[in-house]
Every structure is written in structure tokens, then in C-alpha cells.
Amino acid sequence: MRGASANATPLGRRLAAVIAAEGPLPVSHYMAACLFDRHDGYYSRGAGLGADFTTAPEISQMFGELIGLWAAQSWIDLGRPRPFSLIELGPGRGVLMADAWRAAGAVPGFKEATQVLLVEASAPLRQAQADRLAPLGAAPRFLDRLEQAPESPFVLVANEFLDCLPIRQFLRTDTGWRERLVGVDATGALAFGLAGVPLSEDSIIPPPLRSAPLGALVEVRPAAEALVAELAIRLHQHPGRALFIDYGPARSEAGDTLQAIEAGRKISPLAAPGLADLSARVDFQSLADLGCSLGLATAGPTGQGAWLQALGIGARAERLAAANPQRTAELSDALDRLTAAEQMGELFQALCFSSPGRSAPAGF
Ligand code: SAH
């Protein structure tokens with residue numbers, strides 16, 4: 001695939017120059033640059049989000065409210081620890097945490113015990129999150145990385161965070177697994193190619209996909225695996241839970257799922273470096289298997305629709321509609337988007353890791 005207007009952006013031109021000088025880049029380097037280049041990265045600029053795609057918390061307040069109540073229930077299950085950290089990875093515009101904080105605040109003792117910690121790489125989004133939470137008295141602390149979180153019992157939530165962690169892609173060829181790279185073609189435009197040398201062994205390929213047919217493309221996400229490993233250390237040291245919600249299948253599948261969205265439209269991932277949001281489907285089975293192998297109590301993956309229904313989203317929608325009859329149609333539409341199988345209900349999964357020996361979390 002070729003990006004027709006590949007070098008039309010400042011970041012595209014810089015990447016093409018780096019590639020010309022130093023050779024092709026793994027897809028993960030390309031993705032990281034497009035999203036987080038200090039000057040020209042999609043999230044560093046803070047533009048787009050909301051205009052390019054609408055996430056579950058932005059569809060309806062019900063999503064964040066149920067997650068807030070789920071977090072407060074988890075805090076109770078963990079023995080109402082104080083101090084306690086409520087951590088969110090990649091809070092976007094802060095909508096989920098604002099709704100969660102309002103809902104969880106109804107649980108006696110929760111707010112007094114809880115420090116909100118937001119792990120956010122983007123400066124403009126940090127500002128948006130701080131602005132949204134300030135009137136609610138949540139006083140969030142910002143962190144660059146989870147490793148900086150204080151040692152304490154915790155609940156972590158992350159919605160549509162894993163999907164933007166960089167992926168590597170490998171193609172099964174008759175000479176073995178070869179990494180897909182981003183290079184430049186004869187015209188100087190960014191173009192996909194393959195590493196000249198295959199992998200010497202296939203340990204990086206998820207076990208269920210090692211026997212994929214010739215021509216299959218497999219994605220791996222080293223940063224997500226590192227995150228689960230870091231969480232495992234924390235969950236062994238402190239009682240806690242970590243909830244991930246994202247798009248992706250419940251079982252590992254081969255396929256090229258790298259996608260770029262600009263102004264609500266799908267474009268080639270190479271077409272507008274830094275201007276489009278890049279993401280790829282999350283391999284929930286691999287992450288769940290990793291969590292189990294690290295000794296964590298693992299629940300899910302469960303479809304988002306079933307999970308929200310189990311938490312009572314239907315009753316919540318009815319209560320809101322009874323209190324605001326003029327919003328009935330809007331609430332029923334939001335309920336449908338969040339839970340219907342052909343909408344987000346089955347495309348998105350929820351996966352939860354808990355400290356060893358902990359009971360199953362609500363909703364699973
Ligand atoms: N959770 C939000 C937004 C999802 S967009 C929602 O549901 O609406 C992804 C978010 O993750 C953005 O806030 C982005 O800046 C942040 N992000 C992505 N990778 C990150 C990383 N490695 N470290 C910190 N924040 C990251």
C-alpha cells in the first residue's frame with residue numbers, strides 16, 4: 001500500500017528523510033512517531049480527538065458512571081483501603097473520569113480515601129482533563145508512566161488506551177516470519193515493505209497464531225505486554241484491579257488491523273502522518289493468557305454489551321429517561337450504541353486483572 005500524499009505533512013517529510021538516511025522503520029516506530037512525536041504527533045498536538053472518533057464515555061454519561069460504581073464496588077471488595085489510588089491510563093478529554101468520580105462519590109468514604117492519578121502523555125489533553133475535573137474536586141495528579149504511581153491499593157481503568165500502543169507486524173512467508181516495515185519508494189513516498197531477513201525464531205508470535213497460513217499477517221504489541229507485566233508486579237504487592245476496555249476479538253486472530261482515521265474518515269495509515277489517529281485491534285486472548293501466566297486472577301474478555309448489561313445499564317437508562325423524558329430517544333440511542341451486538345457490544349471487550357486470590361469483579 002502506498003500513501004499517495006505521504007510526504008504532505010511535516011512529520012511525513014521528516015520520517016522520509018530519516019528512512020532515506022537510516023533505512024526502513026518497524027511499524028511500531030512509525031506509529032509511535034505519528035501519535036507522540038513531540039511537535040507533530042497526533043496526540044501531542046491534542047487536535048482531532050472527538051472530531052475523529054467518538055469513544056464510549058463521550059457517547060453517554062452512563063458509561064463512565066457505571067465504571068465509577070464498578071470502581072467503588074471494587075474498593076469495597078478490596079476492604080475499603082485508605083489511601084487508595086484510582087488510576088486511569090489515557091483519559092482523553094477526561095469525560096470518563098468526571099462521570100466516574102461523580103457516581104463513585106455517592107459511596108460513603110470513597111472520595112476521602114481516593115487519590116485520582118491520570119497517566120497521560122499529551123500536554124493539551126492533560127489540560128483538558130484538569131479543566132474538566134477541577135469543578136468536581138477530584139484534584140488529579142498527572143503521571144508520565146504507571147511506574148510513577150505511589151505504592152498503594154488501587155483500581156486502574158483504561159478505555160481505548162491499548163489500541164493506540166504501537167504494534168509490530170509480521171508476515172508469514174515461505175522463508176519464515178518477516179517484519180513489515182515502513183520505507184520509501186522510488187518517488188520518495190512512504191511505502192510498506194518487508195525486512196530482508198526473517199525472524200530467527202518465532203517466540204514473539206502469539207502461540208495460537210504460529211501455525212497461521214502463508215501470507216497471514218500477525219500483530220504483536222510489546223508495550224501492552226510490558227504494561228501487563230508491570231501491573232502484575234503491582235497486583236502481587238498491593239490489592240488491586242485493572243480494567244481494560246477496547247476494540248478487538250476475544251480470541252487471537254491474524255490480519256492487518258492498523259487503521260488511520262482523520263476527520264471521521266478511514267484513510268491509508270501512511271497518508272497523513274501526525275494528522276490521523278492510528279490504532280489497531282487489541283489481542284485480548286494474548287493479554288489474558290499473559291495475565292494468567294503471571295499469576296493474576298483474570299476475568300474476561302467479555303463483550304462490552306454483556307458487561308454493561310450485567311452492571312445494570314438498562315435500569316440506569318430507564319431511570320435517567322424517567323427523570324428527563326425529553327431525553328428518552330437520545331438515551332435509548334446511546335444504550336443501543338454501547339451494547340448492541342452490531343454496534344460496540346461485541347466489537348469491544350472488557351478484561352480485568354485482579355490481585356491473586358481475589359473474587360471475580362462485578363459484571364464478569
Ligand atoms: N480513554 C479516552 C481516550 C482514548 S484516546 C476515552 O475513552 O475517550 C487515547 C488516550 O491515551 C489519549 O489520551 C492519549 O494521549 C493517551 N495515550 C496513548 N498512549 C499513551 C502512553 N503511552 N502514555 C500515556 N498516555 C497515552
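The values are calculated or read from the model by the stated rules, or taken from the named source; none is laboratory data. What you are looking at is a predicted structure, and each value in this text was computed from that prediction instead of being measured. As a convention, Cβ positions derive from the backbone with ideal geometry for all residues, glycine included, and neighbour counts pool all protein chains shown. Side chains are part of the model used for accessible areas, which takes the heavy atoms of the whole protein and leaves out ligands, DNA and RNA. Shrake-Rupley method; radii C 1.70, N 1.55, O 1.52, S 1.80 Å.
Structural remarks
- Any hit, the range 64-72, residues being open to solvent by less than 30 Å² (accessible area, probe 1.4 Å), part of a loop (DSSP other than H, G, I, E, B) and within 12 Å of the ligand (Cβ to nearest atom): no
- Failed item, numbered, when residue 98 is tested on (1) among the small types (Gly, Ala, Ser); (2) open to solvent by less than 60 Å² (accessible area, probe 1.4 Å); (3) away from the ligand (no atom under 16 Å from the Cβ): (3)
- Any hit, the range 237-246, residues being within 20 Å of the chain's Cα centre (by Cα), within 20 Å of residue 349 (Cα to Cα) and surrounded by fewer than 22 Cβ atoms within 10 Å (Cβ to Cβ): no
- Of the residues contained in the range 226-234, one or more are found to be acidic (Asp, Glu), at pLDDT 95 or above and surrounded by fewer than 17 Cβ atoms within 10 Å (Cβ to Cβ).
- Considering the conditions (1) crowded, with 18+ Cβ neighbours inside 10 Å; (2) modelled with pLDDT under 95, residue 86 is excluded by exactly one of them, (2).
- Matching residues, the range 301-335, being closer than 18 Å to residue 73 by Cα and touching a helix residue (DSSP H, G or I) at 6+ places or on another chain (Cβ under 8 Å): 308, 309, 311, 312, 313, 316
- Which listed residue, of 50, 79, is over 24 Å from residue 145 (Cβ atoms), open to solvent by 10 Å² or more (accessible area, probe 1.4 Å) and modelled with pLDDT of 95 or more: 79
- Scan of the range 276-298 for residues that are open to solvent by 50 Å² or more (accessible area, probe 1.4 Å) and of a type in the set (Gly, Ala, Ser), ordered by number: 293
- Qualifying residue in the range 168-177 (condition: within 16 Å of the ligand (Cβ to nearest atom) and within 27 Å of residue 289 (Cα to Cα)): yes
- Any hit, the range 213-223, residues being in contact (Cβ under 8 Å) with a residue 24 or more places away in the chain, within 21 Å of residue 245 (Cα to Cα), among the β-branched types (Val, Ile, Thr) and within 16 Å of the ligand (Cβ to nearest atom): no
- Checked against the criterion of being farther than 30 Å from residue 255 by Cβ and either within 14 Å of the ligand (Cβ to nearest atom) or surrounded by 22 or more Cβ atoms within 10 Å (Cβ to Cβ) (or both), the candidates 125, 133, 162 yield just one match: 133.
- Test: residue in the range 113-120 that is modelled with pLDDT of 95 or more, surrounded by fewer than 20 Cβ atoms within 10 Å (Cβ to Cβ) and within 12 Å of the ligand (Cβ to nearest atom): no
- Selection over the range 84-117 of residues that are farther than 21 Å from residue 338 by Cα and out of contact with any strand residue (DSSP E or B) (no Cβ under 6 Å at 6 or more places or on another chain) gives a count of 8.
- For residue 147: the one exception among (1) within 16 Å of the ligand (Cβ to nearest atom); (2) assigned to a loop (DSSP other than H, G, I, E, B); (3) open to solvent by 40 Å² or more (accessible area, probe 1.4 Å): (2)
- Residues in the range 213-225 that are open to solvent by less than 10 Å² (accessible area, probe 1.4 Å) and under 17 Å from residue 178 (Cβ atoms): 218, 220.
- Close contacts from the range 95-110, counting a first residue that is within 11 Å of residue 71 (Cβ to Cβ) and a second that is β-branched (Val, Ile, Thr) and at pLDDT below 95, with Cβ to Cβ under 9 Å and a gap of 6+ residues or different chains, come to 96/55.
- Test: residue in the range 171-191 that is within 26 Å of the chain's Cα centre (by Cα) and under 22 Å from residue 251 (Cβ atoms): yes
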